Every structure is written in structure tokens, then in C-alpha cells.
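Following: one structure in C-alpha cells, then a few remarks.
The values are calculated or read from the model by the stated rules, or taken from the named source; none is laboratory data. Since we're looking at a predicted model, the values are computed, not measured. Neighbour counts run over all protein chains shown; Cβ positions are idealised from the backbone, glycine included.
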Amino acid sequence: MADSGRDQPVPDPAPTSPAGHRAPVDGDTCLRELPWCGKINLRGDPGDSRFVSAAADALGAALPLEVNTAAPGGRATVFHLGPDEWLAHCELDGAAALLQQLRRRLAPLHHAATEVTDYYTVLELHGTDAAAALARGCPLDLHERVFKAGQCAQSRFGNAGILLYKPGPSPLFQVQVRWSFAEYLWDYLAGVLDSL
Amino acid sequence: MLLITCPWCGARDQSEFSYHGEAHIARPERPAQVSDAQWGAYLFMRKNPKGLHRERWVHSHGCRRWFYALRDTRDDRIHATYRPGDPPPDSAADPGAANPGSAT
């Protein structure tokens with residue numbers, strides 16, 4: 001019965017998003033899609049110190065407990081999504097191992113760890129007009145006095161739900177969006193950059 | 001545009017939220033034992049007040065959590081938002097309730 005062809009390991013195709021065929025936008029403000037990274041959604045009780053420390057051990061980064069903040073770490077960057085929900089970005093190759101480690105460490109505790117690598121893609125907007133471009137479709141106050149380095153927030157851009165992250169003081173934003181909205185967001189942002 | 005204070009995320013734009021009607025409506029414990037009229041009242045009848053209204057919202061584009069808001073339907077002012085399980089703020093102690101600005 002076995003089809004011998006099936007026994008051959010088929011290498012995973014390189015993941016791409018619907019925005020993948022768009023050429024990066026260059027200029028004062030650049031738009032590009034970041035290389036695919038691993039993504040793990042984690043839920044659990046932040047009031048349980050065992051959960052917090054076990055998750056931090058597995059992720060190699062402190063679990064950010066303050067709303068709208070992110071914690072960059074060696075193995076993963078962890079974003080606070082909600083009162084009991086986090087998202088970790090890690091190396092694409094390391095996602096499976098990280099997920100396994102999380103599940104092993106958290107096994108005795110109430111939790112949920114789900115790999116969502118293929119569900120999202122991340123665009124990067126970098127340059128002087130980055131905040132102005134985002135403000136065209138996103139209701140957040142992105143002034144550097146309000147949206148500071150290290151902050152993240154879930155919001156929307158146009159009709160797309162996004163996770164916005166500002167890694168440092170420079171005008172650089174990472175915009176995580178659902179895979180199926182990638183082309184919409186890209187075209188919207190590219191159009192805004194064109195008109196600024 | 002309304003700024004709505006999500007009990008978890010803080011003040012956010014109205015467009016990140018969805019409204020889901022009157023809050024604190026208890027489902028009958030034994031649906032099979034209530035009359036059609038009672039079941040109909042549970043399903044369809046709402047207070048629809050002109051004044052303070054307790055209602056359900058969800059922060060759809062943010063943390064995706066449900067919460068309650070105490071909103072004045074006359075001027076859309078949101079006097080309080082609170083988490084499920086938290087005691088509802090006392091509307092009598094609320095400055096909006098004492099506002100004699102318009103008739104209820």
C-alpha cells in the first residue's frame with residue numbers, strides 16, 4: 001500500500017506571505033517584510049508565580065506583565081497581548097523546540113501554548129515618516145512621548161488587526177498582521193508612503 | 001469618536017471595540033421550565049433607557065477581552081468600565097447619575 005514516494009522527507013517550502021511578491025519600498029521611510037520568524041502564543045495565569053517563572057525559564061525572557069510592553073530576550077521576544085496572553089517571536093528553526101520546552105516546563109500548570117508561526121507575518125516600517133504613515137490607518141497615539149521604545153500594542157490599521165511593536169528609540173516599527181491581511185496592509189502602507 | 005478605557009489596555013479608540021448590548025442579563029437556570037413569555041422576555045426585552053446604561057463591550061482589535069461599561073445614552077459619556085467579576089460601580093455615587101442636565 002505504502003507509496004514509496006511518500007517516505008521521502010519533503011522539505012518544507014520557504015514560508016511566504018501574500019505580500020511576499022511586493023518589492024520593498026525604499027526612500028526616507030522604508031517598508032519591508034521581515035524574514036519569517038517562529039511565533040508561539042502562550043496563555044496562562046499571571047497570578048501564578050510558578051507559571052510566570054517556568055514560562056520565563058523556557059522562553060529565556062521575562063514574561064512582560066505590564067500591559068503594552070514587550071520583553072526582548074536571547075531566545076525570544078515576548079509580547080504582552082492581554083491579561084493572560086502573550087506572544088513569543090523566535091527563530092524560525094527554533095519554534096518547535098521552544099514549543100516543546102514550554103509544554104514540558106508548563107505541563108503541571110494550567111496553560112495553553114500554541115504555535116502560530118504560519119498565521120502571522122511581520123512588516124517593518126523604518127524612517128522619518130514611519131509614525132505618520134501608521135497614523136493614517138491606526139488610531140493609537142504613536143508620538144514618541146506616548147508610544148515609547150519597548151512598547152507594543154494590538155490595534156488596527158484600516159480594517160486589519162495588527163500588533164505594533166517599537167523595538168528601540170529610532171523610528172522603526174514592526175507591524176505583525178494576519179497572513180491573509182498581509183497584502184492589504186502592504187498596499188495600504190505603500191500607498192500612504194507614496195502620498196506622504 | 002469615543003475614547004473607551006479598556007480595563008486592561010487603557011484608553012483606546014472606539015473603533016477597536018464592539019458593542020454587545022445590555023449587560024447583566026441572567027439566563028434562566030432551567031430554560032425548559034420557563035414559560036414562553038419569560039423566555040421571550042429573556043431573549044428580546046431590553047431596558048433601552050435614556051440615561052445610564054450598563055452594557056457589554058469587547059476589545060476586538062486589542063486584547064479581545066470582554067468588559068462592562070456604564071454609559072449615559074444621552075451624551076455617550078462613559079462613566080466607568082469594569083471587568084467581569086468586579087462589582088458594578090454604584091450609579092448613584094456616579095457624577096453622571098446626579099447630572100440633572102436632561103430629563104430621563
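Anything in the stretch B:34-65 that is within 14 Å of another protein chain (Cβ to nearest Cβ) and out of contact with any His (no Cβ under 8 Å at 6 or more places or on another chain)? List them, or say none.
Scanning the stretch B:34-65 gives B:HIS59, B:SER60, B:HIS61, B:GLY62, B:CYS63, B:ARG64.
Return only the number of the condition from (1) surrounded by fewer than 17 Cβ atoms within 10 Å (Cβ to Cβ); (2) in contact with a strand residue (DSSP E or B) (Cβ under 9 Å, 6 or more places away or on another chain); (3) farther than 19 Å from A:GLY20 by Cβ that A:VAL116 does not satisfy.
(3)
For the stretch A:151-171: of the residues being more than 14 Å from chain B (Cβ to nearest Cβ) and closer than 20 Å to A:TRP86 by Cβ, which is surrounded by the most Cβ atoms within 10 Å (Cβ to Cβ)?
Applying the filter and picking the extreme gives A:TYR165.
Does A:GLN174 meet the test of being closer than 29 Å to A:ALA56 by Cα, crowded, with 21+ Cβ neighbours inside 10 Å and more than 14 Å from every other protein chain (Cβ to nearest Cβ)?
For A:GLN174, the condition - closer than 29 Å to A:ALA56 by Cα, crowded, with 21+ Cβ neighbours inside 10 Å and more than 14 Å from every other protein chain (Cβ to nearest Cβ) - is met.
Going by the conditions given, is A:TYR188 hydroxyl-bearing (Ser, Thr, Tyr) and touching a Gly at 6+ places or on another chain (Cβ under 6 Å)?
Against the criterion (hydroxyl-bearing (Ser, Thr, Tyr) and touching a Gly at 6+ places or on another chain (Cβ under 6 Å)), A:TYR188 qualifies.
Conditions (1) without any contact (Cβ under 8 Å) to a residue 12 or more places away in the chain; (2) within 14 Å of chain B (Cβ to nearest Cβ); (3) among the aliphatic types (A, V, I, L, M); (4) under 30 Å from A:TYR188 (Cα atoms), marked per residue:
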residue	(1), (2), (3), (4)
A:ARG43	no, yes, no, no
A:ARG50	no, no, no, no
A:ALA131	no, no, yes, yes
A:GLU144	no, no, no, yes
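So, in the stretch A:177-196, of the ones that are surrounded by fewer than 18 Cβ atoms within 10 Å (Cβ to Cβ) and not in a helix (DSSP H, G or I), which residue ends up farthest from the chain's Cα centre (by Cα)?
Step by step, filter the stretch A:177-196, then rank; the result is A:LEU196.
Here are some residues: B:GLY85, B:GLY40. Which one is modelled with pLDDT under 95 and loosely packed, with under 14 Cβ neighbours inside 10 Å?
B:GLY85
Can you name the condition, by its number, that A:ASN68 falls short on among (1) within 14 Å of another protein chain (Cβ to nearest Cβ); (2) within 17 Å of the chain's Cα centre (by Cα); (3) without any contact (Cβ under 8 Å) to a residue 40 or more places away in the chain; (4) over 17 Å from A:ILE40 (Cα atoms)?
Looking at each condition in turn, A:ASN68 falls short on (3).
Being touching a helix residue (DSSP H, G or I) at 6+ places or on another chain (Cβ under 7 Å), more than 13 Å from chain B (Cβ to nearest Cβ) and farther than 25 Å from A:GLY82 by Cβ is the requirement here; does A:LEU193 meet it?
Yes.
All but one of (1) touching a Ser or Thr at 6+ places or on another chain (Cβ under 7 Å); (2) surrounded by fewer than 16 Cβ atoms within 10 Å (Cβ to Cβ) hold for A:ASP45, so report the exception by its number.
Unmet condition: (1).
Considering only residues of the stretch B:2-20 that are buried (at least 18 other Cβ atoms within 10 Å of the Cβ) and in a strand (DSSP E or B), which is nearest to the other protein chains (Cβ to nearest Cβ)?
Only one residue fits best here, namely B:ASP13.
Filter the stretch A:76-92 for residues that are within 14 Å of chain B (Cβ to nearest Cβ) and not charged (D, E, K, R) and give the result.
A:PHE79, A:HIS80, A:LEU81, A:GLY82, A:PRO83, A:TRP86, A:LEU87
Assess whether A:PRO24 counts as being closer than 13 Å to A:THR121 by Cα and surrounded by fewer than 16 Cβ atoms within 10 Å (Cβ to Cβ).
For A:PRO24, the condition - closer than 13 Å to A:THR121 by Cα and surrounded by fewer than 16 Cβ atoms within 10 Å (Cβ to Cβ) - is not met.
Inspect the stretch A:106-117 for any residue being among the small types (Gly, Ala, Ser), part of a strand (DSSP E or B) and in contact (Cβ under 8 Å) with a residue 40 or more places away in the chain and give the result as yes or no.
yes
For the stretch A:61-86, how many residues meet the condition of being in a strand (DSSP E or B) and in contact with a Cys (Cβ under 9 Å, 6 or more places away or on another chain)?
9
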